[in-house]
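Where a number appears in this text, it was derived from the coordinates with a stated rule and is not lab data. Since the model is a prediction, treat every value here as computed from it, not as a measurement. So basically every Cβ, Gly included, is an ideal-geometry build from the backbone, and we count neighbours across all protein chains shown.
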Amino acid sequence: MIEANYQHAKYEEFNVITSKDKKIETRIIAGELDNKYGKIGTQIAVNAFMIDAKIGGEQSISFSNTHHGLLYLLKGKVIVNGVENLELDKNQLMEFNQDGEGFSIKAEENSTLLFLSGEPINEPVATYGTYVMNSQTELLEAMRDYQMGKMGFLPSN
């Protein structure tokens, strides 16, 4: 129930980690990787990275073992941890439990991936459309607030 906020950042403003072979760039949107931080501030500890990999590129990405994570393939084909293939229109999503401290990728094709991780909040979750709250009552309150204009307005031009 925190105040809504918006942060604008340009593509070129994000910190980038480049693999040793110079074939993979990991853009840190939010969170931390190799002591570099994302431009977008968050309310809780989360990571959001965009990974652009050229064919043959290899890189290891570390993240806290207190985080739950996911790796989503947007384009291309990669091998994760030397054994698991992510391929467009086949197997595009990999979930990471809290049982390691990172993963490695090798690009089989030019690829783009999204990595997200965060500490589980261990709270109940209630959803309705784009609304995500902790209870049915909070969902109804959020919808009422939206209908009353309490979430702001976007001007029509």
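General observations
- Whole-Hz ³J(HN,Hα) from phi, Karplus 6.51 cos²θ - 1.76 cosθ + 1.60, for the stretch 56-71, glycine and proline x: x, x, 10, 7, 9, 10, 9, 7, 4, 6, 8, 9, 9, x, 9, 10
- Computed from the Cβ-Cβ distance with R0 of 30 Å, the FRET efficiency linking TYR72 to MET151 stands at 0.60.
- FRET E, pair THR112, SER62, Förster distance 22 Å, beta-carbon r, rounded to 0.05: 0.60
- Extension gain for ILE79 to ASN97 (0.36 nm times residue separation, less C-alpha to C-alpha distance): 4.7 nm.
- Order by protection proxy (mean Cβ within 10 Å, highest first), peptides 137-144, 103-110: 103-110, 137-144
- With a threshold of 21 Å on the Cα-Cα distance, the over-threshold entries among LYS39/LYS75; LYS10/LYS36; LYS22/LYS90; LYS39/LYS90; LYS10/LYS39; LYS20/LYS54 are LYS39/LYS75; LYS22/LYS90; LYS39/LYS90.
- Cα long-axis angle, helix 136-147 against the chain (0 to 90 degrees, to the nearest 10): 80
- Percent of Cα pairs exceeding the 21 Å cut-off, where the set is the chain: 55
- The stretch 14-105: proportion of alpha-carbon pairs further apart than 15 angstrom, %: 60
- Estimated purely from DSSP H runs of n ≥ 4, each contributing -39500 (n - 2.57), the mean residue ellipticity at 222 nm for the chain is -2500 deg cm²/dmol once divided by its residues.
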